[in-house]
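A.B. asks: Questions regarding the structure given below will be posed in turn.
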Amino acid sequence: MQMLLELKNVKRGFAGPMGAVDVLRGISVSVEAGSALAILGPSGCGKSTLLYLMGALDVPTSGQVLLDGRDLTDLTDDERAKVRNTRIGIVFQAHHLLAQLTVRENVLVPALVTGVTDEVEERARRLLDRVGLADRMGHTPSTLSGGERQRVAVVRALVNSPGLLLADEPTGSLDRATGDALGDLLLELNREEGTALVVVTHSETLAARMDRVLTLTDGKLDPAKENT
Ligand SMILES: Nc1ncnc2c1ncn2[C@@H]1O[C@H](COP(=O)(O)OP(=O)(O)OP(=O)(O)O)[C@@H](O)[C@H]1O
Ligand SMILES: [Mg+2]
């Protein structure tokens, strides 16, 4: 069976003042369509770096990143951007909302490329309602709390119905109840729409709700050790 996303011996290093820093040292992992994967690991271990590679925002120093069987490293920047816009939703660790736009406009940004149809508008409204922000559609990000902004960023990532949702600490600035509700939303979309999830998190509670939990340590991904 063809995997949705496949990383083969992916390495990513950065040039630094003290020489090269090898952050990812040979990552091989497959994500099936419709599955849900959590990635745990200490601060600075390379989780965001890994997510950028999965999200076609960055290319590895060596190794392959295959989406729908196509090697993303072979694509031009324009082709990669198209794949990202149509197939992938990304929730960034820093949410990157556009300050001048309202909540409604922010969540519709990914749809601008293909066109904002009534259907997309309706989906945006429904998703905002599900995260409890239906009455904030006309607000700008500066008038929202950190957790509210994070929920807007999640809706924006979902508006184009991506096959793959990558989320970097999506519950990082949420209280327990709001974080649980966001976890509910992600898992409901995973079940209802078959959206594959890759969630980077420090929350063991959220991680435990995914099908699979891996830990990133010393630049390698390993099955998470059971808490005994
Ligand atoms: N563009 C870059 N240039 C140089 N070094 C980088 C770059 N991006 C990341 N790094 C380095 O790679 C390492 C991993 O960074 P990354 O942001 O992936 O960590 P993380 O696991 O997401 O941490 P956190 O949990 O704090 O978000 C860090 O040491 C960082 O300094
Ligand atoms: Mg990070």
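A.B. asks: Just give me the residues in region 14-40 being of a type in the set (Asp, Glu) and near ligand 1 (Cβ under 10 Å from one of its atoms), in sequence order. Steps first, please.
C.D. replies: We begin by selecting, within region 14-40, every residue of a type in the set (Asp, Glu); these are 22, 32.
Listed by number, the list holds a single entry, Asp22.
A.B. asks: Could you list, in sequence order, the residues of region 41-58 that are more than 8 Å from ligand 1 (Cβ to nearest atom), free of Cβ contacts under 8 Å to residues at least 60 places away in the same chain and either more than 16 Å from Gln93 (Cα to Cα) or not in a helix (DSSP H, G or I) (or both)?
C.D. replies: Ala56, Leu57, Asp58
A.B. asks: Can you pull out every residue in region 59-73 that is assigned to a loop (DSSP other than H, G, I, E, B) and of a type in the set (A, V, I, L, M, F, W, C)? So that I can check it myself, show each step before the final result.
C.D. replies: At the first step, the residues of region 59-73 found to be assigned to a loop (DSSP other than H, G, I, E, B) are 59-61, 68-69.
Val59, the sole residue that qualifies.
A.B. asks: Could you look through region 11-40, keep only residues that are within 16 Å of the chain's Cα centre (by Cα) and in a loop (DSSP other than H, G, I, E, B), and pick out the one that is surrounded by the most Cβ atoms within 10 Å (Cβ to Cβ)?
C.D. replies: The residue in question is Ser35.
A.B. asks: Residues that are modelled with pLDDT of 95 or more, closer than 27 Å to Ser161 by Cα and within 15 Å of ligand 2 (Cβ to nearest atom): does region 17-26 have at least one?
C.D. replies: No, that holds for no residue.
A.B. asks: Criterion first (more than 16 Å from ligand 1 (Cβ to nearest atom), more than 15 Å from the chain's Cα centre (by Cα), exposed (fewer than 15 other Cβ atoms within 10 Å of the Cβ) and among the β-branched types (Val, Ile, Thr)) does Thr86 satisfy it? Before you say what the answer is, go through the steps one by one.
C.D. replies: Values: more than 16 Å from ligand 1 (Cβ to nearest atom): yes; more than 15 Å from the chain's Cα centre (by Cα): no; exposed (fewer than 15 other Cβ atoms within 10 Å of the Cβ): yes; among the β-branched types (Val, Ile, Thr): yes.
So Thr86 does not fit the description; no.
A.B. asks: What residue, of Asp78, Asp68, Asp74, is surrounded by fewer than 16 Cβ atoms within 10 Å (Cβ to Cβ), within 27 Å of Ala207 (Cα to Cα) and either among the acidic types (Asp, Glu) or more than 15 Å from ligand 1 (Cβ to nearest atom) (or both)? Can you show your working first?
C.D. replies: Values: Asp78 fails: within 27 Å of Ala207 (Cα to Cα); Asp74 fails: within 27 Å of Ala207 (Cα to Cα).
When all the criteria are applied, what remains is Asp68.
The values are calculated or read from the model by the stated rules, or taken from the named source; none is laboratory data. Everything numeric here is computed off the predicted structure, so don't read it as measured data. Ideal geometry is used to build each Cβ from the backbone, glycine not excepted, and the neighbour counts take in all protein chains shown.
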